[in-house]
Amino acid sequence: MTPATGLRQAATGTAHTRRPAFAPGSRYRSAGSARGFTLLEMLAVILLIGIAAAAVAVSVSQGLASARVRAASVELAAALRATRAQAIVRGKEQTFDLDTKAASYQAAGGKEIALPKGMRLSITSAREDQKDNHTGRIRFFPDGSSTGGHIVLQRGERRWQVNVAWLTGAVSVVTS
């Protein structure tokens, strides 16, 4: 350092000085040359985030609706299997009733269970087991057999079919 100026000299003998804050290439810039995002760019980003959030929300809500229909079909199949098991254990005929108008069902001796709102329901069973045009029944016998039939649960595009084999009384769920 030279005592008079307080500057360091490099090996070449040249002195290093500080650049002014507004000099090109300096770390600091004046307010007029500050860079940032325009309002239009910010609005475009916010719009894209909104579109992405809406797409995710639609996907999640469709997934939840699909899960509800699937859960309802699995519960209905379990109620049918329980009715069959009761027929075998008790040694006498048991019935499973289904009301398409009220979108509900009742297993042997159990309470009436309503399906989720917005779900359509239909049943194909023996004619003698249909009380009226919106009520159907599947009967299970002590040997495990049944009158058979199938029940369709539908919500929007999703559709599940619960089949009951007449000979064995076996219950299966098929996604359509």
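Going by the conditions given, is R70 surrounded by 17 or more Cβ atoms within 10 Å (Cβ to Cβ) and either among the charged types (D, E, K, R) or not in a helix (DSSP H, G or I) (or both)?
Numbers: surrounded by 17 or more Cβ atoms within 10 Å (Cβ to Cβ): no; either among the charged types (D, E, K, R) or not in a helix (DSSP H, G or I) (or both): yes.
It is false that R70 is surrounded by 17 or more Cβ atoms within 10 Å (Cβ to Cβ) and either among the charged types (D, E, K, R) or not in a helix (DSSP H, G or I) (or both).
The sole residue among T83, T95, T175, T147 that is under 25 Å from the mean Cα position of the chain (by Cα) and among the β-branched types (V, I, T) is T175. Inspection of the stretch 83-94 finds no residue satisfying the criterion of being within 18 Å of N163 (Cα to Cα) and either in a loop (DSSP other than H, G, I, E, B) or among the acidic types (D, E) (or both). Residues that are of a type in the set (S, T, Y) and in a strand (DSSP E or B) within the stretch 124-176 comprise T124, S125, T135, S146, S172, T175, listed in sequence order. Scanning the stretch 95-123 for residues that are surrounded by fewer than 17 Cβ atoms within 10 Å (Cβ to Cβ), out of contact with any His (no Cβ under 9 Å at 6 or more places or on another chain) and outside any strand (DSSP E or B) returns G109, G110, K111, P116, K117, G118.
It is to be established whether one or more residues within the stretch 55-63 are buried (at least 17 other Cβ atoms within 10 Å of the Cβ) and without any contact (Cβ under 8 Å) to a residue 24 or more places away in the chain. Checking the stretch 55-63: not a single residue is buried (at least 17 other Cβ atoms within 10 Å of the Cβ) and without any contact (Cβ under 8 Å) to a residue 24 or more places away in the chain.
A short reminder: the numbers here are calculations on the coordinates, not readings from a lab. Fair warning: this is a prediction, and the values are worked out from it, not measured in the lab. Don't worry about glycine lacking a Cβ; one is built from the backbone with ideal geometry, like all the others, and counts go over all protein chains shown.
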